[in-house]
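Novice: Below are the structure tokens for one structure; questions will follow.
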Amino acid sequence: MPLDCLPSNSAMCDFPMTGDSDASVEKWSLENIPVEIFLHICSYLDARFITHSLSVVCKRFHEILSDAAIWKSRITKRWGSVYPPIPVDSDDFNWRLACVCIEDQYEFWQRKDANMRSILRNDIHYASVDAIHLMDSGLVCVSGSRDRSIVVWDLTKAHSGGTDISYHITADAHKGWIWKLASCGETIYSCSWDTTIKSWKLMPNLQPLSVFQCRTAALSLVCTANLVAAGTFLKSVMLFDTRVGECQISSYTAHRRAVLALSMSGNFIVSASEDQTLAVWDQRAGKVLKQLKLYENNEEENAFPMCVSFNNDLLYVGDTKGRLHLLNPVHGHFNIVESYEVGHTAKLTCVQHGMGSILTSSTDGTVRISTPTQRPENIAVVSSQGGEVTGFDYKNNVLAVGGTDNAVEVWLPCYKSVEEEM
């Protein structure tokens, strides 16, 4: 809702409480409109407009809308007590940001057919695209393939409505299948079945920087400003400090089979393995803090975790049965809270969550967007045109999907012109 649709200051100042025009009758203004009526008006407006436009109209509006209890109440009325999915300390939780995020994502994906358009490229890679990564707030997409190449896609023109995407190919970037990509700033890391991790400087094309040796196939990858961690085919997780060169600084083995996924938050690295277990490594203590199985009493003999998403004091794990598991990492407990069916009919290949949504992908050829609530509710389903979905990345309302049919598919927001809005 545009700001000029609101009553003008003069109109609000001159609106009498009754039809009496006597000067002694109290009149409403920005300074004395009853809070209850103001909040009732706000209930018809979206949270982002209230936060970024209405709260700056005057000092009083700003003071009213700075009360965290208002935003918590708004979330509770809409979502009940199921958000956030794990109880939080209300004093430390940013209820206003949470409200904006969950309303934004819900409305955006509810109208995905009107809000998004897709661009499919399956003519550049000639093998399955197993690694996909977004950078620069979704303006750049990087893909890695079993054809051993890495392609940098410039999405700038596509964001402006164009259909053509310029790209730069780094052929034979590795000597084996490229399995995962990660980035920190302008540096991107790739890991491969050729037993190496390589770092690259993101420019119009990739400039090689360093090569880190893993001695066995590197299947998972995560990085921070100074640390690179790789999960390997031979059970171990290898750690590299980029400040001291290309030699590993340490490694640990917490699994009995290949390490398929890694995620890092704060001092903890979470790894998922084919041996059906998760392991939590405490970097500060230099030891495994906890190891746990998702399945007790062999209830799922052939199931194992495939992907993990760890941030905002939440840990989600996707498995080969298409289920999503929520764990509570607060205070280092990492207890299993709940397991969900999220609508997929095959194994999960990627999960990514934020304050506003949970995204999951599967070899069933779909990406599903769900509410980040105790019982995730499906908001939308994106069907891939590129075969089975090997993975995805999601940033700034841009969704990039890798597929088994040599495909890179990018879903971009549709930005309408003023004339189209009118």
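The values are calculated or read from the model by the stated rules, or taken from the named source; none is laboratory data. All values reported here derive from a predicted model rather than from experimental measurement. For neighbour counting, all protein chains shown are included, and Cβ atoms are generated from backbone atoms with ideal geometry for every residue, glycine included. What goes into the accessible areas is simple: the full protein's heavy atoms, side chains included, and nothing from ligands, DNA or RNA. Shrake-Rupley method; radii C 1.70, N 1.55, O 1.52, S 1.80 Å.
Novice: Give all pairs with beta carbons closer than 9 Å in which a residue from the range 248-259 that is within 16 Å of residue 215 (Cβ to Cβ) meets a residue that is exposed (fewer than 13 other Cβ atoms within 10 Å of the Cβ) and not hydroxyl-bearing (Ser, Thr, Tyr); count only pairs at least 6 apart in sequence or on separate chains.
Specialist: 250/286; 252/286; 252/287
Novice: Regarding residue 79, is this residue surrounded by 14 or more Cβ atoms within 10 Å (Cβ to Cβ) and modelled with pLDDT under 90? Please lay out each step first, then the result.
Specialist: Working: surrounded by 14 or more Cβ atoms within 10 Å (Cβ to Cβ): yes; modelled with pLDDT under 90: yes.
So residue 79 passes the test.
Novice: I would also like to ask the following. Quick one: which of 75, 102, 70, 119 is assigned to a strand (DSSP E or B), of a type in the set (Val, Ile, Thr) and in contact with a helix residue (DSSP H, G or I) (Cβ under 8 Å, 6 or more places away or on another chain)?
Specialist: Selected residue: 119, the only one of 75, 102, 70, 119 that is assigned to a strand (DSSP E or B), of a type in the set (Val, Ile, Thr) and in contact with a helix residue (DSSP H, G or I) (Cβ under 8 Å, 6 or more places away or on another chain).
Novice: Mind checking which strands (runs of 3 or more DSSP E) fall wholly inside the range 350-395 and carry at least 3 residues that are over 20 Å from residue 260 (Cα atoms)? Spell out the reasoning first.
Specialist: Values: elements: 358-362, 366-370, 378-383, 389-395.
The qualifying strands (runs of 3 or more DSSP E) are 366-370, 378-383.
Novice: Return the residues of the range 132-173 that are of a type in the set (S, T, N, Q), touching a residue at least 40 places away in the same chain (Cβ under 8 Å) and not in a loop (DSSP other than H, G, I, E, B); say none if nothing qualifies.
Specialist: 137, 143, 145 - these are the residues of the range 132-173 that are of a type in the set (S, T, N, Q), touching a residue at least 40 places away in the same chain (Cβ under 8 Å) and not in a loop (DSSP other than H, G, I, E, B).
Conditions tested, residue by residue: (1) open to solvent by less than 80 Å² (accessible area, probe 1.4 Å); (2) under 31 Å from the mean Cα position of the chain (by Cα); (3) more than 17 Å from residue 105 (Cβ to Cβ); (4) in contact (Cβ under 8 Å) with a residue 40 or more places away in the chain.
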{"position": "28", "(1), (2), (3), (4)": "yes, no, yes, no"}
{"position": "49", "(1), (2), (3), (4)": "yes, yes, no, yes"}
{"position": "55", "(1), (2), (3), (4)": "yes, yes, yes, no"}
{"position": "66", "(1), (2), (3), (4)": "yes, yes, yes, no"}
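Novice: Would you mind stating whether residue 399 is touching an Asp or Glu at 6+ places or on another chain (Cβ under 9 Å) and not in a loop (DSSP other than H, G, I, E, B)?
Specialist: Yes, satisfied.
Novice: If you don't mind, another one. Across the range 318-350, what is the number of residues that are under 22 Å from residue 269 (Cα atoms) and of a type in the set (Phe, Trp, Tyr)?
Specialist: Within the range 318-350, residues that are under 22 Å from residue 269 (Cα atoms) and of a type in the set (Phe, Trp, Tyr) number 1.
Novice: How about the range 279-303: which of its residues are in contact (Cβ under 8 Å) with a residue 40 or more places away in the chain and within 27 Å of residue 367 (Cβ to Cβ)?
Specialist: Listed by number, the list holds a single entry, 294.
Novice: Moving on. For the range 174-183, give me the residue count where each residue is open to solvent by 20 Å² or more (accessible area, probe 1.4 Å) and either part of a loop (DSSP other than H, G, I, E, B) or within 15 Å of residue 406 (Cα to Cα) (or both).
Specialist: Of the residues in the range 174-183, 3 are open to solvent by 20 Å² or more (accessible area, probe 1.4 Å) and either part of a loop (DSSP other than H, G, I, E, B) or within 15 Å of residue 406 (Cα to Cα) (or both).
Novice: Name the residues in the range 373-383 that are surrounded by 20 or more Cβ atoms within 10 Å (Cβ to Cβ) and at pLDDT below 95, would you?
Specialist: Once the filter is applied, which keeps residues that are surrounded by 20 or more Cβ atoms within 10 Å (Cβ to Cβ) and at pLDDT below 95, the range 373-383 yields only 376.
Novice: Still on this model: Which residue out of 169, 165, 124 is more than 18 Å from residue 218 (Cβ to Cβ) and open to solvent by 50 Å² or more (accessible area, probe 1.4 Å)?
Specialist: On the way: 165 fails: open to solvent by 50 Å² or more (accessible area, probe 1.4 Å); 124 fails: open to solvent by 50 Å² or more (accessible area, probe 1.4 Å).
Going through 169, 165, 124 in turn, just one is more than 18 Å from residue 218 (Cβ to Cβ) and open to solvent by 50 Å² or more (accessible area, probe 1.4 Å): 169.
Novice: If you don't mind, another one. Quick check on my filter: what residues within the range 105-116 are assigned to a helix (DSSP H, G or I) and open to solvent by 20 Å² or more (accessible area, probe 1.4 Å)? Walk me through how you get there before you give the answer.
Specialist: Of the range 105-116, the ones assigned to a helix (DSSP H, G or I) are 105-110, 112-115.
Residues satisfying the conditions are 105, 106, 107, 108, 110, 112, 113, 114, 115.
Novice: Sort out which residues of the range 385-422 are aromatic (Phe, Trp, Tyr) and at pLDDT 95 or above, and write them in order of number. Explain how you work it out, then say what you get.
Specialist: Step one: filter the range 385-422 for residues aromatic (Phe, Trp, Tyr), giving 392, 394, 411, 415.
The answer is 392, 394, 411.
Novice: Still on this structure, please answer the following. Taking only pairs six or more apart or across chains, which ones have beta-carbon atoms under 8 Å, a first residue in the range 208-231 that is on the phi > 0 side of the Ramachandran plot, and a second residue that is open to solvent by 20 Å² or more (accessible area, probe 1.4 Å) and among the aliphatic types (A, V, I, L, M)?
Specialist: That search, which allows pairs on different chains as well, returns 215/234.
Novice: Something else now. Condition first: of a type outside the set (A, V, I, L, M), in contact (Cβ under 8 Å) with a residue 60 or more places away in the chain and within 21 Å of residue 99 (Cβ to Cβ). Can you find one or more residues in the range 356-370 that meet it? Outline the logic, then answer.
Specialist: Going through the range 356-370, the residues of a type outside the set (A, V, I, L, M) turn out to be 356-357, 360-366, 368, 370.
So of that shortlist, the ones also in contact (Cβ under 8 Å) with a residue 60 or more places away in the chain come out as 356-357.
Next cut, within 21 Å of residue 99 (Cβ to Cβ) only: 356-357.
There is at least one residue in the range 356-370 that is of a type outside the set (A, V, I, L, M), in contact (Cβ under 8 Å) with a residue 60 or more places away in the chain and within 21 Å of residue 99 (Cβ to Cβ).
Novice: Starting from the range 306-327, take each residue that is farther than 18 Å from residue 84 by Cβ and list its partners that are surrounded by fewer than 24 Cβ atoms within 10 Å (Cβ to Cβ) and among the aromatic types (Phe, Trp, Tyr), counting only C-beta distances under 8 angstrom and pairs at least six apart or across chains.
Specialist: Here the result reads 319/304; 320/304; 323/340, each pair linking the range 306-327 to a residue that is surrounded by fewer than 24 Cβ atoms within 10 Å (Cβ to Cβ) and among the aromatic types (Phe, Trp, Tyr).
Novice: Continuing with the same structure: Say we look at the range 275-315 and pick out the residues that are among the aromatic types (Phe, Trp, Tyr) and within 21 Å of residue 340 (Cβ to Cβ); which of these is surrounded by the fewest Cβ atoms within 10 Å (Cβ to Cβ)? Walk me through how you get there before you give the answer.
Specialist: Just the residues of the range 275-315 that are among the aromatic types (Phe, Trp, Tyr), to begin with: 281, 295, 304, 310.
Right, trim to within 21 Å of residue 340 (Cβ to Cβ) and you get 295, 304, 310.
Details: 295: 18, 304: 22, 310: 24.
This residue is 295.
Novice: Within the range 127-138, can you find the residues that are modelled with pLDDT of 95 or more, under 15 Å from residue 165 (Cβ atoms) and open to solvent by 10 Å² or more (accessible area, probe 1.4 Å)?
Specialist: Of everything in the range 127-138, just one residue is modelled with pLDDT of 95 or more, under 15 Å from residue 165 (Cβ atoms) and open to solvent by 10 Å² or more (accessible area, probe 1.4 Å), namely 132.
Novice: Can you pull out every residue in the range 333-348 that is surrounded by 14 or more Cβ atoms within 10 Å (Cβ to Cβ) and assigned to a loop (DSSP other than H, G, I, E, B)?
Specialist: Answer for the range 333-348, where residues must be surrounded by 14 or more Cβ atoms within 10 Å (Cβ to Cβ) and assigned to a loop (DSSP other than H, G, I, E, B): 334, 342, 343, 344, 346, 347.
Novice: Out of the range 262-274, which residues are without any contact (Cβ under 8 Å) to a residue 60 or more places away in the chain and open to solvent by 10 Å² or more (accessible area, probe 1.4 Å)?
Specialist: Correct list: 262, 263, 264, 266, 267, 274.
Novice: Going by what's in this entry, would residue 197 be described as of a type in the set (Val, Ile, Thr), assigned to a strand (DSSP E or B), more than 22 Å from residue 411 (Cβ to Cβ) and over 25 Å from the mean Cα position of the chain (by Cα)?
Specialist: It is false that residue 197 is of a type in the set (Val, Ile, Thr), assigned to a strand (DSSP E or B), more than 22 Å from residue 411 (Cβ to Cβ) and over 25 Å from the mean Cα position of the chain (by Cα).
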